[in-house]
Every structure is written in structure tokens, then in C-alpha cells.
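The values are calculated or read from the model by the stated rules, or taken from the named source; none is laboratory data. The structure presented is a predicted model; accordingly, all values stated were derived computationally and were not measured. As a convention, Cβ positions derive from the backbone with ideal geometry for all residues, glycine included, and neighbour counts pool all protein chains shown.
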């Protein structure tokens, strides 16, 4: 079986109402759909890179939401939303429902109108899904790996990836160290305490991923494209 990461760019008329509102704001840039159910009438869990007030404004676009609970944490806001309809485009949901694949969290919606997600299935099923989705929207395959049973290694959020990149750029990881957390904060335009927290969480994630891969017998962490293959043909 294969595990495939897709990036899609929806036409404006096919955007989810919340995603459409996300593209029109400058105070939030990303939503991650972390948990959902097999039916429409469920409580979903999402994370936003924004504060609670902004998230409340964004969630107002979900007309079928009957209850909302927000928790400010982890450099953003978590949202538990009870809803009676996912409100996705009907044609898109038909393609998803007909696919012979399963979809892994998170589904990430970005302010530039793109969305990314991962699917697992046999080669033929994923190829069929890719073709059907491509008839509705612009879709790109980011990477393909063999699927392995067990917990997936953690991945960095965009903000934590930015923090690590900034730290490398200012010399924070040089030996001897030539940059400081304050330098990272300046690059990210955030408080020093926020930059420090982002780096600590990112470093914890990367170490956990390294240990996880070593535990599965890998000598070193494998790059994202090594061993990948296309499912389009």
C-alpha cells in the first residue's frame, strides 16, 4: 500500500465557506482539520494559527454549526465544532466517498486557497482517486511512500518549520553558536518567549522523529522524497 500527500487548489466556487473566509483575512493563514467522523452530524476538532476572537469570526461561516468550544493553546486556537453538515462541495464529497482510500489527519487549509492532505490505499485506488479529483480541481502529488503500520512520525507545523529555518539562518545552530533566540524572534517578528517555545517544540518533534526512525531500523532520518514513486501512471 501507498501513502500519498496531495496538494489541491480549489476554484473559488468549490471552496468550503470557512476556507473561503480564511482566504479573505490577514490575521489567520492556516486551519488544520485534526479529527472528524464518518457522518456529517459529528464534533470536529480543528486548529487555527490565530486567537479565539479571530477563530470565532471564521467559524461564523459554518452555518450548520450548533455548538462551538474554543481552547487557546499551542501557538493558536483549537476549536471543537458540533455540526450537522460538512458543507463541502457536493461533487468533491462524491469523489471522496467513492474512493477506495482512507484519509489521514490533518487536512490543512491555507490562506492562499490551497489545501493539503494524505491518503492511504493500493496503487490503483489512489491513481483512480487522483484522476477523479483532477477533473474537479488542480491537484499535485507532493510525495509518495510505502505505508507502514503503526504510529506515523510527527511532522512540524508551518510556523515551527519557519522557526527552525530562521534559527539556522541566523546561526543559532552553528558550532560555536553565533545567533540567539532574540535573533530568531526578530526574523519571525514575534516575542522572544514565543520564538523560544516554537524552537523547543520543533526540536522535541524532530528528536522524536529521529528516535522513531532509528527504532524501526533506519540508520538516519530519511528525506521526504527518497524511495517515493509516482501513482499517476
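Can you find even one residue in segment 199-208 that is surrounded by 12 or more Cβ atoms within 10 Å (Cβ to Cβ), in contact with a helix residue (DSSP H, G or I) (Cβ under 8 Å, 6 or more places away or on another chain) and either modelled with pLDDT of 90 or more or not assigned by TED's automatic domain parsing to the domain that holds residue 167 (or both)?
Yes, the conditions are met somewhere in segment 199-208.
Among (1) touching a helix residue (DSSP H, G or I) at 6+ places or on another chain (Cβ under 6 Å); (2) part of a strand (DSSP E or B); (3) surrounded by fewer than 19 Cβ atoms within 10 Å (Cβ to Cβ), where does residue 69 come up short?
Evaluating residue 69 over (1) touching a helix residue (DSSP H, G or I) at 6+ places or on another chain (Cβ under 6 Å); (2) part of a strand (DSSP E or B); (3) surrounded by fewer than 19 Cβ atoms within 10 Å (Cβ to Cβ) leaves (1) as the failure.
Hey, residue 103 hits all of (1) in contact with a strand residue (DSSP E or B) (Cβ under 6 Å, 6 or more places away or on another chain); (2) in contact (Cβ under 8 Å) with a residue 60 or more places away in the chain but one; which does it fall short on?
(2)
Pairs needed: first member in segment 164-184, on the phi > 0 side of the Ramachandran plot; second member anywhere, outside any helix (DSSP H, G or I) and loosely packed, with under 15 Cβ neighbours inside 10 Å; C-beta distance under 6 Å; at least 6 residues apart or different chains.
What qualifies is 171/178.
Surrounded by fewer than 17 Cβ atoms within 10 Å (Cβ to Cβ) and more than 25 Å from residue 110 (Cα to Cα): which single residue out of 174, 158 fits that description?
The conditions single out 174.
Taking residue 133 and the conditions (1) farther than 28 Å from residue 156 by Cβ; (2) surrounded by 14 or more Cβ atoms within 10 Å (Cβ to Cβ); (3) in contact with a helix residue (DSSP H, G or I) (Cβ under 7 Å, 6 or more places away or on another chain), which numbered condition does it fall short on, given that it satisfies the others?
Exception for residue 133: condition (1).
When you look at residue 82, is it under 16 Å from the mean Cα position of the chain (by Cα), surrounded by 14 or more Cβ atoms within 10 Å (Cβ to Cβ) and at negative phi, yes or no?
For residue 82, the condition - under 16 Å from the mean Cα position of the chain (by Cα), surrounded by 14 or more Cβ atoms within 10 Å (Cβ to Cβ) and at negative phi - is not met.
Inspect segment 51-59 for any residue being closer than 20 Å to residue 162 by Cβ, out of contact with any helix residue (DSSP H, G or I) (no Cβ under 8 Å at 6 or more places or on another chain) and part of a loop (DSSP other than H, G, I, E, B) and give the result as yes or no.
yes
So, in segment 2-12, of the ones that are closer than 13 Å to residue 114 by Cβ and part of a strand (DSSP E or B), which residue ends up modelled with the lowest pLDDT?
5
Could you tell me whether segment 13-24 includes any residue that is in a strand (DSSP E or B), assigned by TED's automatic domain parsing to the domain that holds residue 139, closer than 25 Å to residue 139 by Cα and at pLDDT 90 or above?
No, segment 13-24 contains no residue that is in a strand (DSSP E or B), assigned by TED's automatic domain parsing to the domain that holds residue 139, closer than 25 Å to residue 139 by Cα and at pLDDT 90 or above.
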